[in-house]
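The values are calculated or read from the model by the stated rules, or taken from the named source; none is laboratory data. Nothing here was measured: the structure is a model prediction, and the numbers come from that model. FYI the Cβ positions are ideal-geometry reconstructions off the backbone, even for glycines, and counts take in every protein chain you see. What goes into the accessible areas is simple: the full protein's heavy atoms, side chains included, and nothing from ligands, DNA or RNA. Shrake-Rupley method; radii C 1.70, N 1.55, O 1.52, S 1.80 Å.
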Amino acid sequence: MGFGRRKDTASRPWRLSAKLLIVSSVITVLGFSAICTSVMLDMRHSEEELARQTLENLASGIDADIGRNVELYDLSLRSVAANMVAPEISQLSKPLRQLVLFDHAATAKHFGAIQVFDAKGKLIADASTLDPLQEDRSGEEYFQAHRDQPDAGLFISRPMLHRGAYAIVLSRRITGEDGSFAGVVAGSIRFSYFHDLFGRLRLDPDDVITVLRRDGTVIMRTPFDIDMIGKYLGNMPGVKRALSEPSGWYTGLKTPQHAQRLYVWRDGTRPLVVIIGKPWDNIYRLWRIEATRIGAIMGALAIFVLGVSLFLAREISRRAEAEEKLEELATTDALTGLRNRRKFDAAIETEWRRATRQKRPLALLMIDADHFKTFNDTYGHQAGDEVLIGIAICISDSVHRAGDCVARYGGEEFAVLLPDSSPEQAYAVAETIRLKVEQWCGETAITTVSIGLASMIPDTSTEWPTMVRAADEALYAAKATGRNRTVLASGPKLSLVA
């Protein structure tokens, strides 16, 4: 009936308010979460950029120090190689020749003495002594490189044990006046130089610095690992890039033994290339702490907001239910459970306006129990109440549409509002009600009902009380013509027809 539909309609705003509150809270939480996620991603990107810049600066500093020492030592090698081919050098005494060859040679605690070897690899001069011991270096990599490659330039050997210490040998070719191979001048930079250089740096335990030769051979590494010294890494994609591009970075592969690292290099065109690696876990350590803190705060706020929203939504729902109950109590007849007069007046006002706008018919049944006062006086009020309840049940069972409204109009009188019903349809409903009450009473004929029916298409010149008066007049006509019947009000101004 119309009561159920209107009850649901009345409670819908409250339900929408509760849902809207929850949806708004969820959207707010998601919005703030998205903003925080964006900020944290920006912070992560900033940490990456800062780490790259820091490692690039560190690589530049190390590379500059190594390059400066290699260049200084190379200048000494060039000087010795040039003096060795001077015509007058062979005419000088040993002490004087020693002075001419090595007077300008670079000296430092990590530099080995410069040596000169003839075309057969025999040692002929040593900056550390006037009378060098016999040595044959013809089988060494650096000697063969200069012998076979006239344009080898400065050659840096693989890491090797040289004169009692691990070192790399730097060498230059001695070329005669006719362009022939006249020997090799060589010196060394001990590993102690790299240990001293790296020891001055403040590095994390998992940071890695690798010094590579141009062919990808590992010259030095920190943390020091003897198994890595001299190892060939030129086939690794990242190392290939470092040896072919002036600067850049790449991410190394993660293995069970090694964490995934960010590797950075600067000036990959030098004879020795410096690559610095830092674990991504260390780079993101501070970011993770901050992200965890922000995430925890956001999670707590989200739980709080959602919790408060759910609590308020529940309170709104409870209030809606309470108001629905109050509305039901205020608009429901306590005895029969039907709508009361107040609710009926509101319903007929609404339906009248709607029918006026849409030019649709509206029908009204006014129903009254016959001889009820006599029955009530004879059998008592409790029996009379039972009769009214029975009539209400018969009426409710006969009216099935959602838009219809059944009400106890007052005393033993009931009203049924039938929107969009023609006179014929309304008359059929009225007869169904009348016959059902008659059947319910049975042979004892406790009571019957008389029904007045009014049906019309409302317009702006009339009001709904007109139809109520017409239905009342039809009901009086039904009473006057013998009761237990339905009378339809009709005519130009609703005249009566039985």
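Residues in region 395-415 include none that are touching a Ser or Thr at 6+ places or on another chain (Cβ under 8 Å), open to solvent by 30 Å² or more (accessible area, probe 1.4 Å), within 25 Å of Lys359 (Cβ to Cβ) and not aromatic (Phe, Trp, Tyr). What are the residues in region 421-435 that are surrounded by fewer than 22 Cβ atoms within 10 Å (Cβ to Cβ) and more than 14 Å from Val487 (Cβ to Cβ), if any? The answer is Ser422, Glu424, Gln425, Ala428, Thr432, Leu435.
Check every one of the strands (runs of 3 or more DSSP E) wholly within region 388-498 and list those with 2 or more residues that are among the aromatic types (Phe, Trp, Tyr) and more than 60 Å from the chain's Cα centre (by Cα).
By residue number, no strands (runs of 3 or more DSSP E) qualify.
All conditions in (1) at pLDDT 90 or above; (2) open to solvent by less than 80 Å² (accessible area, probe 1.4 Å); (3) under 27 Å from Ile297 (Cα atoms) hold for Gly61, with the sole exception of (3). Within region 231-270, the set of residues being open to solvent by 50 Å² or more (accessible area, probe 1.4 Å), assigned to a helix (DSSP H, G or I) and under 16 Å from Ala59 (Cα atoms) comprises Arg241 only. If you go through region 170-214 one residue at a time, how many are of a type in the set (Ser, Thr, Tyr) and open to solvent by less than 40 Å² (accessible area, probe 1.4 Å)? The qualifying residues number 4. Filtered by the rule that a residue be within 21 Å of Gly384 (Cα to Cα) and open to solvent by 20 Å² or more (accessible area, probe 1.4 Å), region 442-477 gives Gly442, Glu443, Thr444, Ala445, Ile446, Thr448.
Every listed requirement among (1) of a type outside the set (Gly, Ala, Ser); (2) open to solvent by less than 40 Å² (accessible area, probe 1.4 Å); (3) assigned to a helix (DSSP H, G or I) is met by Ile219 save one, (3). The listed residues are Gly238, Gly277, Gly183, Gly216, and the only one of them that is small (Gly, Ala, Ser), farther than 29 Å from Asp151 by Cα and in contact (Cβ under 8 Å) with a residue 24 or more places away in the chain turns out to be Gly277. Any residue that is assigned to a helix (DSSP H, G or I), among the aliphatic types (A, V, I, L, M), at pLDDT 90 or above and surrounded by 15 or more Cβ atoms within 10 Å (Cβ to Cβ) - is there at least one of those in region 28-36? No, that holds for no residue.
Does Val273 fit the bill of being modelled with pLDDT of 90 or more, within 34 Å of the chain's Cα centre (by Cα) and closer than 18 Å to Leu58 by Cβ? Reasoning before the result, please.
Values: modelled with pLDDT of 90 or more: yes; within 34 Å of the chain's Cα centre (by Cα): no; closer than 18 Å to Leu58 by Cβ: yes.
Here the answer is no, as Val273 does not meet what is asked.
In region 223-276, of all residues being of a type in the set (Ser, Thr, Tyr) and out of contact with any Asp or Glu (no Cβ under 8 Å at 6 or more places or on another chain), the one that is nearest to Leu55 (Cα to Cα) corresponds to Tyr263.
Every listed requirement among (1) surrounded by fewer than 23 Cβ atoms within 10 Å (Cβ to Cβ); (2) under 17 Å from Val487 (Cβ atoms); (3) in contact with a Ser or Thr (Cβ under 7 Å, 6 or more places away or on another chain) is met by Ala392 save one, (2).
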